[in-house]
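Asks: Attaching a single structure in structure tokens format; questions to follow.
The values are calculated or read from the model by the stated rules, or taken from the named source; none is laboratory data. Predicted model, so just to flag it, every value in this text is computed and none were measured. With ideal geometry, Cβ positions are generated from the backbone for all residues, glycine too; neighbour counts draw on all protein chains shown. To get the accessible areas, we keep the full protein, side chains included, count just its heavy atoms, and leave off ligands, DNA and RNA. Shrake-Rupley method; radii C 1.70, N 1.55, O 1.52, S 1.80 Å.
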Amino acid sequence: MSDIELGPGKRARAAYSFDEIAIVPSRRTRDPEEVSITWQIDAYKFDLPFMAAPMDSVVSPETAIAIGKAGGLGVLNLEGIWTRYEDAEKQLAQMAKLSGDDAIKKMQQIYASPIQPALIKERIAQIRAAGVTVAGALSPQRTAEFHKAVLDARSYRDWE
């Protein structure tokens with residue numbers, strides 16, 4: 001692959017998108033039983049090469065459970081709606097109806113509600129009780145504040 005000159009002292013490499021690359025069969029056909037798509041993070045093994053992003057619009061506790069049962073990993077946003085509100089579905093339904101300038105203001109109000117350590121424990125315990133690997137995301141700024149709630153969730157059973 002050669003470099004492309006963009007201007008004086010500026011060079012770039014050519015890149016390709018998915019649409020420009022085709023995967024063709026090799027000379028040898030492989031049976032599905034001979035191919036493994038499993039992947040691993042430390043001691044945690046997954047059958048499906050799929051990890052869902054820690055975004056409120058992508059992963060709920062129920063979604064994390066479904067993804068885990070399918071063989072992937074759903075990562076719950078521990079700073080999002082699910083750990084701020086007991087009834088997160090109500091907040092998400094409100095957000096879905098918003099439009100324009102009202103949307104930004106209302107979403108700022110919704111996310112201004114404090115994160116509840118008890119809900120962090122409850123959501124993690126809910127996913128763990130389903131028998132799937134639990135993953136949650138905290139920003140570095142919030143890790144010091146909420147790490148205890150995450151660690152305490154290992155033995156949290158009050159929600160049952």
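Asks: What is region 86-160 by shape, rounded, prolate or oblate, if you read a ≥ b ≥ c off the alpha carbon gyration tensor as root eigenvalues and call it rounded for a/c under 1.5, prolate for a/b larger than b/c, and oblate otherwise? Could you put the intermediate results ahead of the total?
Replies: Values: a/c = 2.69, a/b = 1.77, b/c = 1.52.
In terms of gyration-tensor shape, prolate.
Asks: Against the longest alpha carbon principal axis of the chain, how many degrees, from 0 to 90 and to the nearest 10, is the axis of helix 61-70 turned?
Replies: Approximately 40 degrees, to the nearest ten.
Asks: With everything on Cα atoms, drop me the angle between helix 117-129 and the longest principal axis of the chain, reported from 0 to 90° to the nearest 10.
Replies: Taking Cα atoms only, the helix is inclined about 60 degrees.
Asks: Looking only at the chain, where both bridge partners belong to it, what percent of the DSSP beta bridges are antiparallel (to the nearest 5)? Can you show the working numbers first?
Replies: Values: 7 of 12 bridges.
Once the DSSP bridges in the chain are tallied, antiparallel ones form about 60 percent.
Asks: Would you mind working out the accessible area per residue for region 34-160, using a 1.4 Å probe, and quoting it in Å²? Don't skip to the end; give the middle numbers.
Replies: Numbers: 7570 Å² over 127 residues.
The answer is 60 Å² per residue.
Asks: On C-alpha positions alone, give me the angle between the axis of helix 140-152 and the longest principal axis of the chain, in degrees, nearest 10.
Replies: 60 degrees
Asks: Using only alpha carbon positions, build the gyration tensor of the chain, then give the equivalent ellipsoid semi-axes as the square roots of 5 times its eigenvalues, largest first, whole angstrom. Could the numbers behind the result be given before it?
Replies: Numbers: eigenvalues 266, 141, 54 Å².
Each semi-axis is the square root of five times an eigenvalue, giving 36, 27, 16 Å.
Asks: What do you get for GluC sites (Glu not before Pro) in region 1-103 restricted to DSSP loop and a cutoff of at most 16 other Cβ within 10 Å of the site's Cβ?
Replies: Numbers: sites: GLU5, GLU20, GLU33, GLU34, GLU62, GLU79, GLU86, GLU89; in loops: GLU79, GLU86.
For GluC sites (Glu not before Pro) across region 1-103 that sit outside H, G, I, E and B with at most 16 neighbouring Cβ atoms in 10 Å, the list reads GLU86.
Asks: What number comes out for the charge environment of ASP3, summing +1 per Lys or Arg and -1 per Asp or Glu over other residues with Cβ under 11 Å away? Spell out each step's value before the answer.
Replies: Numbers: positive: LYS10, ARG11, ARG13; negative: GLU5.
Result for the local shell: +2.
Asks: Evaluate E = 1/(1 + (r/R0)^6) for GLN108 and MET51, where r is the Cβ-Cβ distance and R0 equals 30 Å; express this FRET efficiency to the nearest 0.05.
Replies: Values: r = 29 Å, r/R0 = 0.96.
It comes to 0.55.
Asks: Ranked highest first by the average count of other Cβ atoms within 10 Å around their residues, in what order do 35-45, 125-135 fall?
Replies: Put in order of decreasing packing, that is 125-135, 35-45.
Asks: Let me ask you something else. Would you mind telling me the share, in percent, of accessible area of the chain contributed by carbon and sulfur at probe 1.4 angstrom?
Replies: 53 percent
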